[in-house]
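These notes concern the structure reproduced below.
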Amino acid sequence: MELTMRSVFKADQNESAVAGKEQSDLGITLLEAEPGKTYIIKEINTADDEMNSFLFRLGCYPGEPITLISKKKKSCIVVIKDGRYNLDKLLSEAIVL
């Protein structure tokens, strides 16, 4: 019985590790990030051309570093290319890190 319990426990640990890896491969949005850290933008996830254009003009595009200064429920303050910006919830959710 003890051997079986250990096997089940190890299987649960392995499944958790695999699930965690899949989560990290998908990336996180800016709203899920930790304030005070610098991240590299993986992608801009929006179908709105106007929003893509606006973020691009700010210097927010894949491969670019972005620093999250602070965040609230509906906005984030970030630094992109030495400029400080307040991004609303919609823009913050479109940025994948």
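The values are calculated or read from the model by the stated rules, or taken from the named source; none is laboratory data. Just so it is clear, the structure is predicted and the values come from calculations on it, not from any experiment. Positions of Cβ are backbone-derived with ideal geometry, glycine not excepted, and every protein chain shown enters the neighbour counts.
Quick check on E22: is it at pLDDT below 95, assigned to a helix (DSSP H, G or I) and touching a helix residue (DSSP H, G or I) at 6+ places or on another chain (Cβ under 7 Å)? Steps first, please.
Values: at pLDDT below 95: yes; assigned to a helix (DSSP H, G or I): yes; touching a helix residue (DSSP H, G or I) at 6+ places or on another chain (Cβ under 7 Å): no.
Against the criterion (at pLDDT below 95, assigned to a helix (DSSP H, G or I) and touching a helix residue (DSSP H, G or I) at 6+ places or on another chain (Cβ under 7 Å)), E22 does not qualify.
Checking each residue in the stretch 25-70 for being hydroxyl-bearing (S, T, Y), at pLDDT below 95 and closer than 15 Å to Y85 by Cα picks out only Y61.
Scan the stretch 57-71 for residues that are exposed (fewer than 12 other Cβ atoms within 10 Å of the Cβ) and either in contact with a Pro (Cβ under 8 Å, 6 or more places away or on another chain) or under 23 Å from L26 (Cα atoms) (or both) and the total you get is 3.
Among the conditions (1) over 15 Å from K37 (Cα atoms); (2) under 14 Å from the mean Cα position of the chain (by Cα); (3) surrounded by 14 or more Cβ atoms within 10 Å (Cβ to Cβ), M51 misses just one, which is (2).
Among the residues of the stretch 59-80, those identified as in contact with a helix residue (DSSP H, G or I) (Cβ under 9 Å, 6 or more places away or on another chain) and among the aliphatic types (A, V, I, L, M) are I66, L68, V78, I80. Whenever a residue of the stretch 39-58 is closer than 16 Å to D88 by Cβ and in contact (Cβ under 8 Å) with a residue 40 or more places away in the chain, its partners that are charged (D, E, K, R) and surrounded by 15 or more Cβ atoms within 10 Å (Cβ to Cβ), lying with C-beta atoms within less than 9 angstrom and at least six residues away or across chains, give the pairs N45/E93; T46/E93.
Based on what the data block shows, is L31 of a type outside the set (V, I, T) and either over 12 Å from the mean Cα position of the chain (by Cα) or part of a strand (DSSP E or B) (or both)?
On the way: of a type outside the set (V, I, T): yes; either over 12 Å from the mean Cα position of the chain (by Cα) or part of a strand (DSSP E or B) (or both): no.
So L31 does not fit the description; no.
A count restricted to the stretch 76-87 and to residues that are exposed (fewer than 15 other Cβ atoms within 10 Å of the Cβ), under 18 Å from the mean Cα position of the chain (by Cα) and in contact (Cβ under 8 Å) with a residue 12 or more places away in the chain stands at 1.
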